[in-house]
């Protein structure tokens, strides 16, 4: 099965639509979203509506959780909180309820899906070090774990130095960010996992960055979130 995996859309409708078109062109059979549908961008309602139509499964991200849980707001910067207030203002009760019902973790036979880490997923740790990856592996019961949160595409194997899928080893894989890449490449990021061939294909997709940035400015959101789209960080 060809599974499209996306994460960290962050209310960037232009990036999401471009990625969905590319994934359809590549004949994916399922779509999994690793959370953070909202935050930073100006189109949370439209993004939620599209993912409710298109995604077969979606997990909860920290920006999503902050929409209905103010207790985690101290984790966010003042500018991030400004976007949260904007998002809460324009979302309807049904959309907030959709976010509230998203699970922290989705488990399948081959892969586990989570926004941050299986190690205390509701505390939103970043998997950016071997130490944090080892904490995740301690809770992993499937060969693969797909995570988001860092906005940087890549993967980690539990055995250092292994760069091909091998039976008996486990891997943590990050598709990068659709709406707010942070690796210096402004193109939207996603991946396709072919479960028949155990193959990964990382994608970068061009989209209308100027339009997405203009939406942010028109909505009165912090300028930095518009400007960073052009730079990819």
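One line per residue, one yes/no per condition, for (1) touching a helix residue (DSSP H, G or I) at 6+ places or on another chain (Cβ under 9 Å); (2) assigned to a helix (DSSP H, G or I); (3) touching a residue at least 24 places away in the same chain (Cβ under 8 Å); (4) within 16 Å of residue 222 (Cβ to Cβ):
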| position | (1), (2), (3), (4) |
| --- | --- |
| 4 | yes, no, yes, no |
| 8 | yes, no, yes, no |
| 16 | yes, yes, yes, no |
| 20 | yes, yes, yes, no |
| 27 | no, no, yes, no |
| 36 | yes, no, yes, no |
| 65 | yes, yes, yes, no |
| 81 | yes, yes, no, yes |
| 94 | no, yes, no, no |
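Take residue 126 and decide whether it is in contact (Cβ under 8 Å) with a residue 12 or more places away in the chain, surrounded by fewer than 23 Cβ atoms within 10 Å (Cβ to Cβ) and closer than 30 Å to residue 217 by Cα.
Details: in contact (Cβ under 8 Å) with a residue 12 or more places away in the chain: yes; surrounded by fewer than 23 Cβ atoms within 10 Å (Cβ to Cβ): yes; closer than 30 Å to residue 217 by Cα: yes.
Considered against the rule, which asks whether it is in contact (Cβ under 8 Å) with a residue 12 or more places away in the chain, surrounded by fewer than 23 Cβ atoms within 10 Å (Cβ to Cβ) and closer than 30 Å to residue 217 by Cα, residue 126 comes out as yes.
Taking the options 214, 226, 190, 133, name whichever one is more than 21 Å from the chain's Cα centre (by Cα) and either part of a helix (DSSP H, G or I) or buried (at least 18 other Cβ atoms within 10 Å of the Cβ) (or both). Before you say what the answer is, go through the steps one by one.
Values: 226 fails: more than 21 Å from the chain's Cα centre (by Cα); 190 fails: more than 21 Å from the chain's Cα centre (by Cα); 133 fails: more than 21 Å from the chain's Cα centre (by Cα).
Exactly one of 214, 226, 190, 133 is more than 21 Å from the chain's Cα centre (by Cα) and either part of a helix (DSSP H, G or I) or buried (at least 18 other Cβ atoms within 10 Å of the Cβ) (or both), namely 214.
Please go through region 106-130 and give me each residue that is assigned to a strand (DSSP E or B) and either under 13 Å from the mean Cα position of the chain (by Cα) or on the phi > 0 side of the Ramachandran plot (or both), ordered by number. Working first, answer last.
Going through region 106-130, the residues assigned to a strand (DSSP E or B) turn out to be 106-107, 111-114.
Hits for region 106-130 are 113, 114.
Just one of (1) more than 20 Å from the chain's Cα centre (by Cα); (2) surrounded by fewer than 20 Cβ atoms within 10 Å (Cβ to Cβ); (3) part of a loop (DSSP other than H, G, I, E, B) trips up residue 182, so point out which.
All conditions pass for residue 182, except number (1).
Residue 176 - would you say it is crowded, with 20+ Cβ neighbours inside 10 Å, at pLDDT 95 or above and at positive phi? Show your work before the answer.
Details: crowded, with 20+ Cβ neighbours inside 10 Å: yes; at pLDDT 95 or above: yes; at positive phi: yes.
In short, yes.
Which of the residues that make up region 28-42 are crowded, with 24+ Cβ neighbours inside 10 Å and within 23 Å of residue 203 (Cα to Cα)?
Step one: filter region 28-42 for residues crowded, with 24+ Cβ neighbours inside 10 Å, giving 33-42.
Answer for region 28-42, where residues must be crowded, with 24+ Cβ neighbours inside 10 Å and within 23 Å of residue 203 (Cα to Cα): 33, 34, 35, 36, 37, 38, 39, 40, 41.
If residue 119 passes every condition in (1) surrounded by fewer than 20 Cβ atoms within 10 Å (Cβ to Cβ); (2) modelled with pLDDT of 95 or more; (3) touching a helix residue (DSSP H, G or I) at 6+ places or on another chain (Cβ under 8 Å) but one, which one does it miss?
Residue 119 satisfies all of (1) surrounded by fewer than 20 Cβ atoms within 10 Å (Cβ to Cβ); (2) modelled with pLDDT of 95 or more; (3) touching a helix residue (DSSP H, G or I) at 6+ places or on another chain (Cβ under 8 Å) except (2).
Tally time: how many residues in region 67-78 are surrounded by 11 or more Cβ atoms within 10 Å (Cβ to Cβ) and either under 18 Å from residue 149 (Cβ atoms) or free of Cβ contacts under 8 Å to residues at least 12 places away in the same chain (or both)? Give the derivation first.
Taking region 67-78 and keeping what is surrounded by 11 or more Cβ atoms within 10 Å (Cβ to Cβ), we get 67-70, 72-73, 75-76.
Next, from what is left, pick out any that are either under 18 Å from residue 149 (Cβ atoms) or free of Cβ contacts under 8 Å to residues at least 12 places away in the same chain (or both): 67, 69-70, 72-73, 75-76.
The number of residues fulfilling the criteria is 7.
Quick one: in region 99-115, of everything that is surrounded by fewer than 19 Cβ atoms within 10 Å (Cβ to Cβ) and touching a helix residue (DSSP H, G or I) at 6+ places or on another chain (Cβ under 9 Å), which residue is farthest from residue 193 (Cα to Cα)?
100
Considering every residue within region 105-118, establish whether at least one is closer than 28 Å to residue 211 by Cβ, touching a residue at least 12 places away in the same chain (Cβ under 8 Å) and touching a strand residue (DSSP E or B) at 6+ places or on another chain (Cβ under 6 Å). Outline the logic, then answer.
Let us first name the residues in region 105-118 that are closer than 28 Å to residue 211 by Cβ, namely 115.
Still in the list and also touching a residue at least 12 places away in the same chain (Cβ under 8 Å): 115.
Cutting the leftovers down to touching a strand residue (DSSP E or B) at 6+ places or on another chain (Cβ under 6 Å) gives us none.
No - not one qualifying residue is present in region 105-118.
The values are calculated or read from the model by the stated rules, or taken from the named source; none is laboratory data. Everything quoted here is computed from the prediction, not taken from an experiment. With ideal geometry, Cβ positions are generated from the backbone for all residues, glycine too; neighbour counts draw on all protein chains shown.
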